[in-house]
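Chemist: Take a look at this one; I'll ask things after.
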Amino acid sequence: MSINQGEPSSSIGGVSKGSSKGEGSLPDLLTDGPFLQKTLPRLDIPDEHVGAIREQSVQLLSEVVRTYEHDVAPGEVGMNGTGVASEAKPNGEFGPTGLMYGRIQSGKTAAMITFTALALDNKFRIVIVLTTNFVELVTQTAERFGAVARALVHASTERNAWESDVENIKKHVGKRGVVIVCAKEARHLESARELIEAIGGGGYPAVILDDEADQASLDTNVRKRSNPKVNEEIAPTRIHEKIADIRRALRHHVFIQVTATPFALLLQNVDSPLRPRFTQVLQPGDGYTGGEHFFSEKHLGFDETAPVPPIIYVDENESKELQRCDGTPPKGFEEAIAFYLVSASTQILKDPSVAKKSQNFLCHTSHKKSEHGKLDKLLRAFLSDFEDQLESGGGRATNLVHTGYAELSRTFPDLPPVDAVIEDIVDRLPGRRIRVINSEGKGVSELPGVPNFIIGGNIIGRGLTIPNLLVTYYLRKPKISQMDTMFQHARMFGYRASLMPLTRVFLPRSLAIRFHSIYRAENDLRDQLSDGDVLRSISVQVVGNLRATRYGVLDTGSVVSLRSGAHVFPYEPPFDMPATRRKKIEKIYDDVFQNDFEQQTNAADESHHHSKMIPVALAGDLCRLFHQSDWNGVALAEILDSTWTDVRLRFRPMNRKRRAGQTETDLPTGALSGEELKQARDEELPTLFLFRQVAEYPAWKNRRFWYPTLVFPGRMRNIVYNDTFEE
């Protein structure tokens with residue numbers, strides 16, 4: 001496929017494909033068994049959400065069992081399964097891979113726990129939970145999975161505990177099952193594999209739940225390996241290979257990827273063992289607040305001169321001012337902290353029971369640990385001075401409190417008196433807790449009843465739940481950023497509808513627009529993945545110069561980028577097209593233009609043309625009919641279908657002669673004139689050109705052929721897709 005790129009656009013996207021959901025019959029499932037019945041009451045989730053989580057977990061279990069029956073081995077799982085893994089070899093090197101796609105902080109862990117209980121009720125006996133390499137999160141996850149009743153639960157952070165208990169685990173695994181929570185770190189993964197082998201885990205049906213599967217599990221050497229100029233053998237990265245060792249040890253298993261940002265997974269080659277073959281889209285429960293509650297057009301003030309709460313813009317140069325400040329913080333920093341203190345005091349004055357909880361401020365300005373240390377010192381000095389000024393009854397601190405008080409009144413009209421707010425701030429601020437969360441940060445938890453300030457970097461972006469987060473101060477804007485990385489920074493999302501009147505996010509407008517575009521892309525992706533057959537047509541769109549994901553984990557030779565205004569045509573004319581396809585094209589022409597094909601297409605006059613809007617499905621049919629090695633009509637059809645509802649179809653005869661230097665079988669520049677290309681790029685919708693070679697020339701083997709060209713709008717968001725596919 002030849003791609004003639006147009007001008008750069010303001011966004012990037014991605015398209016990938018996969019096979020349809022698991023085939024074959026579904027064994028009877030036990031959906032109210034003892035594991036589930038005793039686990040559900042232990043879950044720390046509102047009663048009104050239990051039913052939805054259970055229903056969606058059953059749906060995922062159904063797909064896992066169906067796929068296991070078809071691609072692993074029949075008769076081993078389900079209500080009447082044997083619970084024993086035979087010696088039969090599964091299809092492929094590993095067991096099949098699926099995707100659990102949930103929204104950020106929407107209850108994915110609760111869904112994983114519920115699914116685990118259901119899996120154990122249906123004769124799966126080994127459940128491996130892979131989690132981030134951050135000790136606190138591993139411990140947190142293990143504690144939460146302790147809710148799985150009857151099963152033996154172990155964490156890789158307590159290796160001594162399971163090494164000394166191997167015989168007990170081995171004794172009970174066949175009846176009760178074992179859940180192993182393991183950090184994605186080489187030594188931890190090795191320990192998990194050793195435990196699996198020690199208890200004979202390969203002899204049991206298993207499930208691997210890979211939390212944040214797009215983060216550390218992928219092979220970051222894929223791009224290097226795909227480079228045709230590299231002759232040396234490049235081994236997979238260590239974490240990826242250690243996970244593969246666990247999969248080899250569990251000969252009969254299903255691998256479930258869990259993430260809110262699956263872009264890297266969906267851009268894997270279709271034959272990759274980490275390319276999902278089926279998916280379960282988790283819908284959040286009532287009270288969930290995501291991108292639509294923070295970064296919609298309304299909140300960003302697209303139709304107004306100023307943003308709408310919870311968004312507050314800071315200066316675009318705030319980050320630079322913060323880095324070079326010599327003791328006087330920038331305006332946005334001061335106002336964010338003052339608003340937080342007002343909001344926290346208001347919350348506790350209106351509801352004294354909040355004193356039993358932590359109240360949190362998140363400061364995410366950089367991934368650099370040196371910047372975290374500098375910010376820590378600046379914050380401590382500012383809060384000390386702020387406290388002194390409030391106690392003396394004057395200074396800038398008092399003005400900042402009044403500014404924050406006025407801002408809060410926009411969404412929380414029943415405010416306590418401002419004097420009461422100031423008194424509470426002065427009373428509680430000396431006990432404030434400041435915590436730096438990075439690879440060097442100390443494991444200190446937030447304190448109840450006092451203001452808590454959290455400074456963080458990369459670790460903030462994955463899996464960390466910050467309860468009662470009232471204010472986020474976000475400035476992180478690297479020169480090159482991935483959309484999955486950035487969207488994971490949205491720690492303000494979650495079940496927090498009741499907190500929204502007290503919540504604000506301080507950030508530059510440019511970053512708010514980025515979040516807005518990623519939120520829209522995420523919505524689009526979820527809509528597509530909700531379609532049972534959509535794994536063959538996945539598209540993602542993002543903003544600015546962000547990448548869909550990090551390039552190192554992708555086979556860049558198979559990832560194609562279509563930029564705005566892209567001009568796509570085959571080099572090789574499809575003059576060997578089967579007669580059945582050619583007749584279908586002629587029939588579509590007759591139906592669309594209501595003209596007789598033979599009469600209208602024999603003229604050699606290239607000015608003779610037709611134009612008409614057609615449904616995107618019909619345009620997709622035409623793209624597929626032209627499918628060949630250098631024109632991926634399948635992918636192009638899916639791209640069109642994922643983004644548009646209509647396409648402009650243009651027809652004209654073509655009378656191309658052989659040019660100097662041209663081979664007998666190629667069209668190196670396509671068939672469009674410069675004016676036609678310009679007009680097509682100015683359209684709001686894609687234009688599919690249908691050309692007909694009317695004269696016979698030796699260069700074309702004396703054949704008259706159809707020739708397609710697709711032009712995307714000049715204002716289109718960029719698109720990226722994986723060009724591997726299954727016929």
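Chemist: When you scan the range 390-411, how many residues do you find that are of a type outside the set (Ser, Thr, Tyr), buried (at least 17 other Cβ atoms within 10 Å of the Cβ) and farther than 16 Å from residue 331 by Cβ?
Modeler: If we filter the range 390-411 for residues that are of a type outside the set (Ser, Thr, Tyr), which is where we start, we get 390-391, 393-397, 399-402, 404, 406-408, 410.
Add one more test, that the residue is buried (at least 17 other Cβ atoms within 10 Å of the Cβ), and what stays is 390, 397, 400-401, 404, 407-408.
This time we only want the ones that are farther than 16 Å from residue 331 by Cβ, so: 390, 408.
Qualifying residue count for the region: 2.
Chemist: From the residues in the range 168-181 that are assigned to a helix (DSSP H, G or I) and touching a helix residue (DSSP H, G or I) at 6+ places or on another chain (Cβ under 9 Å), which one is nearest to residue 39 (Cα to Cα)?
Modeler: This residue is 176.
Chemist: Next question, about the same structure. Being modelled with pLDDT of 85 or more and not aromatic (Phe, Trp, Tyr) is true for just one of 581, 514, 563. Which residue is that?
Modeler: Being modelled with pLDDT of 85 or more and not aromatic (Phe, Trp, Tyr) holds for just one of 581, 514, 563, which is 581.
Chemist: Spot the failing condition for residue 355; the list is (1) surrounded by 14 or more Cβ atoms within 10 Å (Cβ to Cβ); (2) in a helix (DSSP H, G or I), and only one is missed.
Modeler: (1)
Chemist: Moving to a separate point now. At pLDDT below 95, crowded, with 20+ Cβ neighbours inside 10 Å and in a strand (DSSP E or B), is that true of residue 460?
Modeler: No.
Chemist: Residues that are surrounded by fewer than 22 Cβ atoms within 10 Å (Cβ to Cβ) and assigned by TED's automatic domain parsing to the domain that holds residue 490: find the strands (runs of 3 or more DSSP E) completely inside the range 234-347 holding 2 or more of those.
Modeler: The qualifying strands (runs of 3 or more DSSP E) are 311-314.
Chemist: Pick out the one residue from 695, 660, 680 that is at pLDDT below 85, surrounded by 13 or more Cβ atoms within 10 Å (Cβ to Cβ) and of a type in the set (A, V, I, L, M, F, W, C).
Modeler: 695
Chemist: Just the residues that are part of a helix (DSSP H, G or I) and more than 24 Å from residue 49 (Cα to Cα), please, taken from the range 110-157.
Modeler: Residues satisfying the conditions are 135, 136, 138, 139, 156, 157.
Chemist: Still on this model: Quick check on the range 182-216: of everything there that is of a type in the set (Asp, Glu) and outside any helix (DSSP H, G or I), which residue is surrounded by the fewest Cβ atoms within 10 Å (Cβ to Cβ)?
Modeler: Initial filter on the range 182-216 (of a type in the set (Asp, Glu)): 185, 190, 194, 197, 210-212, 214.
After this cut, where a residue has to be outside any helix (DSSP H, G or I) as well, the list is 185, 210-212, 214.
Working: 185: 19, 210: 25, 211: 24, 212: 22, 214: 29.
That would be 185.
Chemist: Is it true that some residue in the range 412-423 is at pLDDT below 95 and outside any loop (DSSP other than H, G, I, E, B)?
Modeler: no
Chemist: So, of the residues in the range 54-105 that are assigned to a loop (DSSP other than H, G, I, E, B), among the aliphatic types (A, V, I, L, M) and modelled with pLDDT of 90 or more, which turns out to be farthest from residue 28 (Cα to Cα)?
Modeler: The selected residue is 88.
Chemist: Could you look through the range 21-66, keep only residues that are within 16 Å of residue 284 (Cβ to Cβ) and of a type in the set (Val, Ile, Thr), and pick out the one that is nearest to the chain's Cα centre (by Cα)?
Modeler: Checking each candidate, the answer is 53.
Chemist: Let me ask you something else. Regarding residue 111, is this residue crowded, with 21+ Cβ neighbours inside 10 Å and not hydroxyl-bearing (Ser, Thr, Tyr)?
Modeler: yes
Chemist: OK, next. Condition check: touching a His at 6+ places or on another chain (Cβ under 8 Å) and closer than 30 Å to residue 523 by Cα. Does residue 301 satisfy that? Don't jump to the end; show me each part of the working.
Modeler: Numbers: touching a His at 6+ places or on another chain (Cβ under 8 Å): no; closer than 30 Å to residue 523 by Cα: yes.
Judged against the criteria, residue 301 is not a match.
Chemist: Same structure again: If you scan the range 322-370, which residues turn out to be touching a residue at least 60 places away in the same chain (Cβ under 8 Å), more than 24 Å from residue 478 (Cβ to Cβ) and among the hydroxyl-bearing types (Ser, Thr, Tyr)?
Modeler: Scanning the range 322-370 gives 340, 343, 345, 346, 358.
The values are calculated or read from the model by the stated rules, or taken from the named source; none is laboratory data. This is a predicted model, so every value here is computed, not measured. With ideal geometry, Cβ positions are generated from the backbone for all residues, glycine too; neighbour counts draw on all protein chains shown.
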